[in-house]
1. Roughly what % antiparallel, to the nearest 5, for the DSSP beta bridges in the chain?
2. Using the Karplus equation 6.51 cos²θ - 1.76 cosθ + 1.60 (θ = phi - 60°), what ³J(HN,Hα) coupling, rounded to whole Hz, does each residue of the stretch 105-110 give in order, writing x for Gly and Pro?
3. Per residue of the stretch 294-302, in order, report the coupling 6.51 cos²θ - 1.76 cosθ + 1.60 (Karplus, θ = phi - 60°) as ³J(HN,Hα) in whole Hz, putting x for Gly and Pro.
4. Normalise the Cα radius of gyration of the stretch 39-153 by 2.2 N^0.38 Å (N = residues in it) and let me know the number.
5. Could you work out how far helix 80-93 tilts from the main Cα principal axis of the chain, as a 0 to 90 degree angle to the nearest 10?
6. Got the relative contact order for the stretch 140-264 handy, in percent, Cα pairs under 8 Å and 6 or more residues apart?
7. Highest GNM mean-square fluctuation, the chain, Cα pairs closer than 10 Å: which of Glu240, Glu121, Glu66?
8. Between Arg92 and Leu152, what FRET efficiency comes out of the Förster formula 1/(1 + (r/R0)^6) with R0 = 41 Å and r the beta carbon distance, rounded to 0.05?
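Every number here is computed from the coordinates shown, using simple stated rules; none is lab data. Just so we're clear, the structure is a prediction, and the values are computed from it rather than from any experiment. Methodologically, a virtual Cβ is constructed for each residue, glycine included, from the backbone with ideal geometry; neighbour enumeration extends over all protein chains shown.
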Amino acid sequence: MVDAPPRPLVLTAGDPLGIGPDLLLWLAAHGHLRSCDRVAADPSVLAARARVLPGGFAPEGIARLEAHLDPDLRATGADPAELLEAAVERVRAHPGTALVTGPIHKADMPPARFPFPGHTEFLAARDGGVPVTMAMMGPSLRVALVTVHLPLAEVPRHIDAAAVARAATHLAFALRDHLGIDTPRLGVCGLNPHAGEDGRFGNEERKAIAPGVERARAAAPFARFEGPLAADGAFGRAGEGAYDGLVAMYHDQGLAPFKLACMRDGVNVTLGLSFLRTSPDHGTARGLAGTGRIFPTSMLAAVRYARGDVPVWGSDA
């Protein structure tokens, strides 16, 4: 049996004032980039960061990164939107390549080029407007979101059977195809307390979520779906191993418990794209940029997940 070649990656530095450049330097210095990988970054930003970083890994990192800095993936002025556009074009033009994005500072992204609330919506638009799901993957918990960056007051009207089925089905296929769980067990959370308690606290469970679960069962017959479930109990049971993944109805319903459980090793995955995209589960951390006080485990897990390495989560960071 011949081993498959490694999946090529395109990695972006993200916010030039944030911790993304530090993480790229760390990955390169510790041998986590392969010859097929390319980095979308401003070389002057990487060089400047390497000059101020303590800890000893920066000189080796900047030396090794040079081989991964493709001329077509460089930008002057450290424009993260320009670099992100170039990275997506590169990935779409080379099937089988995955994208790993560094955190961006959305307030600094030029509105004309980036009129989106986050990476997820941007990537969906650039990939032809395909329906996508934001999912968070960790060693002990995996969560897919039905709605993402919305005011809480707007969430109920965006929950329908199609949206619930999309998120549940995307997560089921990811658990099988990315993490090797042949028969994934998924819990689908309700929107309201106690999953609506038979309509006493709301009807979204009856009108949208339960029909969405039925659609997911038809679309992914290899998986086992339960729901709608009271969210508090579902996350408690997931922590005890009852589920391989959960479907949450809105951002903080899913991400608050996820970050409690997997804050330093979670991976943000955009499901439904024509290519695989991952990102570390944290923000730009501008206050830590250049200090050497980094926790690279989430970025390393994002690289391993995108490449298809097993195990994704390990202790050799």
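1. Working: 12 of 30 bridges.
Around 40 percent of the beta bridges assigned by DSSP in the chain are antiparallel ones.
2. So the Karplus estimates, Gly and Pro as x, are 9, 4, 5, 8, 6, x Hz.
3. 10, 10, x, 4, 5, 5, 5, 5, 4
4. On the way: Rg = 16.5 Å, N = 115, 2.2 N^0.38 = 13.4 Å.
In units of the globular-protein estimate, the stretch 39-153 measures up at 1.24.
5. For 80-93 against the chain, the angle is about 80 degrees.
6. Working: 234 pairs, mean separation 48.9, N = 125.
Relative contact order for the stretch 140-264 comes out at 39 percent.
7. The residue that fluctuates most here is Glu240.
8. Details: r = 34 Å, r/R0 = 0.83.
Computed FRET efficiency for Leu152 and Arg92 comes out at 0.75.
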